[in-house]
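See below for the structure under consideration.
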Amino acid sequence: MAEHPFKGKTGLQRVINALGYSLDGIRACWKNEAAFRQVALLACIGIAAAAFVALPAWARAVVTASHLLTLIVELLNSAVEAAVDHTSLERHPLAKRAKDLGSAAQLICLINLALMWGLALTAKG
């Protein structure tokens, strides 16, 4: 099996390259995706609020993790949308399904976030 031409780096150089690619992805999503900016703002506000509201440590951790999960899902949703749009801008049922599935994943994440905030705010310790 032939090696992929972009898979030649190993060790620390691979880690450094991966970090750069990841930061490029976050910058691209911030620049091109309004939904990502909205979820990022929500995460900043929510995580800051969790730090100042009197919550048990486990509840603060669950709320913070739920906010981070919405960011992760939005990055993946944006990646799916970009890949579908790159493949073709033509309307196709499979392209719609792929985009709708990504959107549904984010909806479930946001419902989870609301539920976790509800749980955290009603927690007794």
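Computed values, structure above
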item	result
Flag if Pro56 is touching a Gly at 6+ places or on another chain (Cβ under 9 Å) and surrounded by fewer than 15 Cβ atoms within 10 Å (Cβ to Cβ)	yes
Near pairs, Cβ below 7 angstrom, 6+ apart or cross-chain, from the range 37-58 (on the phi < 0 side of the Ramachandran plot) to any residue that is of a type in the set (Asp, Glu) and surrounded by 11 or more Cβ atoms within 10 Å (Cβ to Cβ)	Val39/Glu74
Candidates Thr87, Thr10 - the one that is surrounded by fewer than 10 Cβ atoms within 10 Å (Cβ to Cβ) and polar (S, T, N, Q)	Thr10
Members of the range 72-115 that are of a type outside the set (Gly, Ala, Ser), free of Cβ contacts under 8 Å to residues at least 12 places away in the same chain and in contact with a Ser or Thr (Cβ under 9 Å, 6 or more places away or on another chain)	Leu115
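A quick yes/no check of all residues on (1) polar (S, T, N, Q); (2) more than 30 Å from Ala123 (Cβ to Cβ); (3) at pLDDT below 95; (4) loosely packed, with under 10 Cβ neighbours inside 10 Å:
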site: Ala18; (1), (2), (3), (4): no, yes, yes, no
site: Ile45; (1), (2), (3), (4): no, no, no, no
site: Ser66; (1), (2), (3), (4): yes, no, no, no
site: His92; (1), (2), (3), (4): no, yes, yes, no
site: Arg97; (1), (2), (3), (4): no, yes, no, no
site: Leu101; (1), (2), (3), (4): no, yes, no, no
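The values are calculated or read from the model by the stated rules, or taken from the named source; none is laboratory data. Quick caveat, the model's predicted, so the values are computed rather than measured. Note: ideal-geometry Cβ built from the backbone for every residue, glycine included; neighbour counts use all protein chains shown.
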